[in-house]
Amino acid sequence: MDPRKHEKQIFESDMLRRRAKKHGGEKEAGLEVDLSDGKGLLVKKIIRPGNGQLIPLNSKAFVHYTGMFEDTKVFDTSLNSGKPFSFNLGIHEVILGWDVAV
């Protein structure tokens, strides 16, 4: 099966949309939210709280990111450039975890 097609099927599933709603719009800065059911594989940190609403699909998102190995060694970050990374949400321009976490 084509991995992109598989990601699309997962993203469009009701289960994933429920999970996104459950974790969308946190109100507390500094909160870390594990989106991988406690496995620590996909964690987002709330820098600036949202308004409780999900971002509409195909909206332009601007994010800073830091990619780390399990031993916390950083392998990539947008913070060094000082410019956030941008992508259109939910249309598979990035890995599925980003579409879900944002």
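The values are calculated or read from the model by the stated rules, or taken from the named source; none is laboratory data. The shown structure was predicted, so the numbers you read here are calculated from the model rather than taken from an experiment. For neighbour counting, all protein chains shown are included, and Cβ atoms are generated from backbone atoms with ideal geometry for every residue, glycine included. With ligands, DNA and RNA removed, areas are computed over all heavy atoms of the protein, side chains included. Shrake-Rupley method; radii C 1.70, N 1.55, O 1.52, S 1.80 Å.
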Consider the stretch 67-98. How many of its residues are open to solvent by less than 80 Å² (accessible area, probe 1.4 Å) and within 19 Å of residue 41 (Cβ to Cβ)? 8
Six or more apart or on different chains, Cβ under 6 Å: which pairs go from a residue in the stretch 72-84 that's over 17 Å from residue 61 (Cβ atoms) to one that's loosely packed, with under 11 Cβ neighbours inside 10 Å and at pLDDT below 95? Could you list them? 75/67; 76/67
Considering only residues that are acidic (Asp, Glu) and outside any loop (DSSP other than H, G, I, E, B), look in the stretch 60-101 and name the one that is farthest from residue 34 (Cα to Cα). 76
Based on what the data block shows, is residue 36 more than 19 Å from residue 91 (Cβ to Cβ) and either open to solvent by less than 70 Å² (accessible area, probe 1.4 Å) or modelled with pLDDT of 75 or more (or both)? yes
Within the stretch 49-59, does at least one residue satisfy the condition of being at pLDDT below 85, open to solvent by less than 50 Å² (accessible area, probe 1.4 Å), among the small types (Gly, Ala, Ser) and in a loop (DSSP other than H, G, I, E, B)? yes
